[in-house]
Amino acid sequence: MRLIATVAAMRETSRGARREGKTMAFVPTMGYLHRGHLALLKEAKKRADLVVASIFVNPTQFNESEDFSSYPREPERDRKLLEENGVDILFLPATEEVYPEGFQTTIDVTGLSEGLCGSSRPGHFSAVATVVAKLFNILRPDVALFGEKDYQQLALIRRMNADLNFGISIVGVPTVREHDGLAMSSRNAGLSPEERKAAPSLYRALSRGRKLFERGERKAEAIIGEAKGVIENPIELDYLEIRDSETLAKIEEISGEAAFAIAARLGKTRLIDNIILKEK
Ligand code: PAF
């Protein structure tokens with residue numbers, strides 16, 4: 001696996017690959033890799049000649065209340081995992097490389113950034129869109145893969161890709177779960193034993209709602225009400241909502257397909273999850 005730390009070298013390498021007619025799949029990450037990331041890499045390998053992963057803990061997408069400096073990092077373990085999982089190139093830029101002095105451009109995917117996680121994390125999605133756009137421009141991949149767990153992020157990256165004509169094939173990869181249903185996340189490492197015990201009730205709540213949906217219920221309020229009853233202490237619910245799966249607009253009654261999404265605080269950790277409710 002080749003390590004690249006500068007934008008110039010990364011750009012030159014991807015230009016070279018294109019000249020040789022090689023296709024490139026890109027998996028952007030913030031490190032502290034788990035099985036969810038490995039699923040992205042596995043899918044990436046199927047879709048292109050070269051797999052490029054990036055590790056960049058993007059400071060601008062953390063809110064002040066969150067501690068960017070305490071975001072879990074394990075660079076040596078990550079490198080080993082990426083190498084073992086067939087990554088050809090690891091792009092590992094420093095903060096100054098991504099945000100040189102004078103940097104002042106941001107991208108706003110306006111509608112899709114509002115509501116859900118956008119309400120409690122002002123500026124977060126603009127920061128995500130901006131850094132992903134930069135990475136897309138540096139690498140110019142053919143395919144880019146993102147986890148479906150971050151549903152709102154995936155929806156707005158798809159939108160940005162279409163709106164700004166990046167022409168990249170954006171692939172969403174299903175959420176990977178622990179044995180008890182908890183969605184894999186780097187943030188799970190911050191849970192206390194008590195919080196870890198309660199955390200799977202987020203997915204249980206979504207699954208309870210899905211059961212009601214499968215029995216024929218279509219009213220969002222009824223499904224949400226049923227799901228809420230499952231959430232355990234000490235979880236503080238941020239939102240539990242049913243939205244259009246593409247536009248993320250609020251819906252009262254499901255027809256076709258909808259995203260059922262949850263976000264909650266467990267002590268200092270904020271977790272999110274979602275499932276798709278789909279008519280057969
Ligand atoms: O999902 C993530 O890990 C990050 O938001 C991403 C897409 C790498 C941008 O920093």
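A few points about this structure:
- Amide proton proximity set for residue 177, modelled H, under 5 Å, gap of 5+: 184
- Derived scalar couplings ³J(HN,Hα) [the stretch 269-280; Karplus, 6.51 cos²θ - 1.76 cosθ + 1.60; whole Hz; x for Gly, Pro]: 9, 10, 10, 10, 7, 6, 9, 9, 9, 9, 6, 7
- Inter-label distance, nm, simple model (7 Å from Cα along the C-beta direction), residue 84/residue 119: 4.1 nm
- Cα shape, the stretch 13-78, gyration tensor, a/c 1.5 rule: prolate
- 5 angstrom amide H check on residue 107, placed H, neighbours 5+ away: 130
- For the chain: rounded, prolate or oblate by the Cα gyration tensor [a/c cutoff 1.5]: prolate
- Segment residue 230-residue 64, length gained on full extension (0.36 nm per residue, minus Cα span): 56.7 nm
- Rounded to whole Hz, the Karplus (6.51, -1.76, 1.60) HN-Hα couplings of the stretch 242-250, x for glycine and proline: 10, 10, 4, 5, 9, 8, 6, 5, 5
- The stretch 62-183: C-alpha gyration tensor shape, a/c 1.5 cut-off, then a/b vs b/c: rounded
- For the set 134/197; 46/211; 80/134; 22/134; 134/280; 219/268, the pairs lying more than 30 angstrom apart at their alpha carbons are 134/197; 46/211; 134/280; 219/268.
- Span from the the stretch 116-195 Cα centroid across to the the stretch 196-271 one, whole angstrom: 19 Å
- Restriction of the chymotrypsin sites (Phe, Trp or Tyr not before Pro) in the stretch 95-169 to DSSP coil positions whose beta-carbon has at most 12 other beta-carbons within 10 angstrom yields 103.
- Distance from the Cα centroid of the stretch 98-112 to that of the stretch 7-81 is 19 Å (rounded to whole angstrom).
- Under the span-like rule (Cα at least 15 Å along the axis, Kyte-Doolittle mean at least 0.5), DSSP H helices of the chain: 124-139
FYI, it's all coordinate maths here, none of it is from the lab. Being a predicted model, the structure only gives us computed values, none of them experimental. As a convention, Cβ positions derive from the backbone with ideal geometry for all residues, glycine included, and neighbour counts pool all protein chains shown.
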